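Everything below concerns the one structure shown next.
The values are calculated or read from the model by the stated rules, or taken from the named source; none is laboratory data. Just so it is clear, the model here is predicted, and its values are computed rather than measured. Cβ placement follows ideal geometry from the backbone for every residue including glycine, while neighbour counts extend to all protein chains displayed.
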Amino acid sequence: MMPGPLFAHLDLPPVPGERGSGVFARVAIDASVRREFSYRLPKAWAESVQAGCRLRVPFGAREVLAVVVGLDDAPPAGVPIEKIRIARALLDETPLLTPALLRLARRIADTCWCSWGQALAAMLPAALRRGQARRTIPVIESAREPDEAEVRELEEKQPKQARALAWLRRAGGPVEVREFLNRTGLSRSPLESLSKRGLARFGSRTDVLDPYAGTTAAAIAPHALNSEQAAAVNALTAALDAGTARDFLLFGITGSGKTEVYLNALDRCLEQGRGAIVLVPEIALTPQTVARFRGRGGEVAVLHSGLTDAERHDQWQALRAGKVRVVVGARSALFAPIPKLGLIIVDEEHESSFKQESTPRYHARDVARERARLEGAVCVLGTATPSLESWQAARAGEITLLELRERVAGGTLPPVQIVDMRYEKTEKNHWLILSRPLETALRSALSRGERAILFLNQRGFAPAWHCPACGGSVKCPRCSVALTFHRWRKKAMCHACLAEEPQPTQCAACRGPVTMVGVGTERAEDSLRRAFPEARIARMDRDTMVRREDYEELYRSFAAGEHDLLLGTQMVAKGLDFPDVTVVGVLNADTALHHADFRASERCFDLIAQVAGRAGRGPKGGKVVVQTWLPDHPAIRAAVKHDYRTFAERELKERAEFAYPPCGRAVRVTCEGPRPDRADKLAEEAVALLRTAARGAKGVQILGPAPHALEQLRGRWRRQILVKSPASGLLAVQPALEQLCQREHVTVDPL
Ligand code: ADP
Ligand code: ZN
């Protein structure tokens, strides 16, 4: 589909034979080729074209969207003028992207191994990337209550329709059709069948607007800062006043009042007539953050993947026009077109969700620092558990360290009790979910009318099926991942490709019966309901949080005291600030440690420290109970003592020993193919190329090829090569990596 230009009067047909107009645009295209292309511009609108505008250009047999990155008055050397094709349309009257954003995209392309065009495409909201203007959005909703016979019939004969219907009914209102397709993995046809049956209704909306219009912005009066906060604010406002780029690490324990520091820095930034970006790691946190920032009187835009395309487009345009100067959002908000940027805040900077896992594979923390540098802005990385990258940079003096060592509400961090599950388990309670100490703690909190948060980093009912006869497990047919049982769908689900399979009954290898093993949030919820029948229990994970509004609704109802126990995955670990939560339980601290990732210990430490930080934020104090099978693991021991420094020093030593980031650079090259031998062949070629490049380069190691940790994904076989080099750089292998990232079936990923 090729949409019309936004400015039709500028859309001239190509002029055959037009020569020597004297203006050539260099453009970047959203494709993996890492070069720019030149086009001639028709005289009639050549003058209107500037770097940062979008063009529509012929590309092979297609017509594609391109972003102008430069203008020349001569064709590229050695290319005859008649060989240069003519651009077809100009889509923007004024540049959509500022020179700083163009440069930022270029940096991303060079450091994350993608093309300039791919990096630019990632900066634009989808609607602009496709070259569209506003449009109506098709929506779907359930139309009437189905009767039981109907439901039974669908479940037996039309499982896809049954699932679609169940999903729509859960959603409880109109949902964009696109969102439905994305979230369920179903096609459009079950919707059409449901609509014929009168069970679902198609509609449309042209909306937009403010996605958080309903958010109540309780005016939050500024707090009188304590001395640590005041010192941090002084440092930040001095840097803002100096007007030059500078990076800060705000290392403040949970509950130390980091947000108040951000708000004070933001006030100064706005007084200066500049704008700000506030990044949060999880869209579940945006309503809370938006409410806090809005509460101080300012208009706040929101950008994240939970919005519709049209909503995102409008928010983006409002920022670009300077109507709103502050944006709160996830990763992509980093590219908000704020005209005079003064401040970038990355809250919970240690979070792994700031790393993008598809092209361009950038880390928001690095891009935030780079953007701040390009625009003379102040960048604040805030966290209770700094990433080792930031910690090391702070130690090296590249980032200024600001510390908040005290909780604002007074008191210390809550005491943490470790429960060694090896001693709690008995024959009878094999899938033990609540140890006696945790159960006791919950009981006494509930009896005092206090509340608790329970954390389990595993969704679904049971994470695997096991065959007691042969020791096998039930795998996804297309991925090398054990299937998780989700009871509400009565399905086995692959958490890698999100495909659903019927519930297995026998082992694929030996045909023996299989049994479910392990505990996910669904199963834990059951146990909790049995143990505390009176308690009001809510669950927060990706199965219960289907739509964006679900987070807001649960956040609101929990804040309003409508639940006693909140059980959830990492969504509950971050940011939540409720003073009457006095107990926090970590049901299984070890899940994060079982990953084949050099950051596994760091993640485990962060998670425990973060969840523990949800407890004892009020005058009643609090307590944390951590259940683990590995009570002696250094990450767990340090987290229990709230001892970040000891953990970080120890971990950095280990990273240095093995030359892992931040003590060295690591890049993963993944080669994939439809069959193992095809993946092997590609990987052999890649490794040969890298080895040749690395020959003689000091300290560069090329490891592999080896099977990828997730060897098979969506039916494709994967091999990986690890490139490690000293922190000083990958110079020797850079050209080889640039060559590889343009190949089909190869991805190059900075770790
Ligand atoms: P953190 O992000 O560091 O964990 P928050 O920013 O969530 O901490 O702050 C915790 C709570 O303390 C919030 O409810 C906040 O409004 C409050 N607060 C912050 N600063 C002060 C202060 N100086 N005096 C009193 N309360 C404060
Ligand atoms: Zn799968």
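The residues in segment 651-669 that are part of a loop (DSSP other than H, G, I, E, B) and aromatic (Phe, Trp, Tyr) can be counted, and the count is 1.
Considering segment 251-285, the residues that are of a type in the set (Val, Ile, Thr) and within 15 Å of Ile345 (Cβ to Cβ) include one that is farthest from ligand 2 (Cβ to nearest atom), namely Val261. Just to be sure before I move on: is Thr646 of a type in the set (S, T, N, Q) and outside the structural domain of Thr569 (by TED's automatic domain parsing) in the structure I sent? Against the criterion (of a type in the set (S, T, N, Q) and outside the structural domain of Thr569 (by TED's automatic domain parsing)), Thr646 does not qualify. Among the candidates Val546, Val586, Val572, Val611, the residue that is of a type in the set (Val, Ile, Thr) and over 20 Å from the mean Cα position of the chain (by Cα) is uniquely Val586.
Per the listing Thr692, Thr670, Thr646, the residue uniquely free of Cβ contacts under 8 Å to residues at least 40 places away in the same chain and polar (S, T, N, Q) is Thr646. Would you pick out the residues in segment 557-598 that are surrounded by fewer than 16 Cβ atoms within 10 Å (Cβ to Cβ), at pLDDT below 85 and not in a loop (DSSP other than H, G, I, E, B)? The one that is surrounded by fewer than 16 Cβ atoms within 10 Å (Cβ to Cβ), at pLDDT below 85 and not in a loop (DSSP other than H, G, I, E, B): His594. Determine whether Glu145 is in contact with a Ser or Thr (Cβ under 7 Å, 6 or more places away or on another chain), assigned to a loop (DSSP other than H, G, I, E, B) and of a type outside the set (S, T, N, Q). Judged against the criteria, Glu145 is not a match.
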